[in-house]
Amino acid sequence: MALSLFGERPHAAAMPADPFAKFARWLAKAQAARTRRTALAALLELDHARLNDLGIDRRDVLDALQARGSGLGHRLNAARAARARL
């Protein structure tokens, strides 16, 4: 059994549970996801020629909409870079 000194506490005991901070982080994350979905929906409204000028196509935008996570911009940049090499 490990013996701890009076001033030492486990890391978990030192971290108070702050439900307000947790809710604020969740709210910020939800807002960022909504902003990404709105931006991708705006891209879907562009015609084929505009999307081609950006180096992406409608399938790339639809794939990004279906994907989860924060790497959606990286996914579109990768598709654009792949088309630039052709």
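Within the range 35-72, restricting attention to residues that are part of a helix (DSSP H, G or I) and in contact (Cβ under 8 Å) with a residue 24 or more places away in the chain, which residue is surrounded by the fewest Cβ atoms within 10 Å (Cβ to Cβ)?
Taking the range 35-72 as the starting set, the residues that turn out to be part of a helix (DSSP H, G or I) are 35-44, 48-54, 58-66, 72.
Next, from what is left, pick out any that are in contact (Cβ under 8 Å) with a residue 24 or more places away in the chain: 36-37, 40-41, 54, 64-65, 72.
Working: Arg36: 16, Arg37: 13, Leu40: 19, Ala41: 11, Leu54: 15, Ala64: 21, Leu65: 14, Leu72: 19.
Checked the range 35-72; the qualifying residue surrounded by the fewest Cβ atoms within 10 Å (Cβ to Cβ) is Ala41.
Taking the stated definitions as given, is Arg58 charged (D, E, K, R) and touching a Leu at 6+ places or on another chain (Cβ under 9 Å)? For Arg58, the condition - charged (D, E, K, R) and touching a Leu at 6+ places or on another chain (Cβ under 9 Å) - is met.
For the range 68-77, taking the residues that are over 12 Å from Leu43 (Cβ atoms) and modelled with pLDDT of 80 or more, the one that is farthest from the chain's Cα centre (by Cα) is identified as Asn77.
The values are calculated or read from the model by the stated rules, or taken from the named source; none is laboratory data. Remember, it's a predicted structure, so these values are computed and weren't measured experimentally. Backbone-built Cβ (ideal geometry, glycine too); neighbour counts: all protein chains shown.
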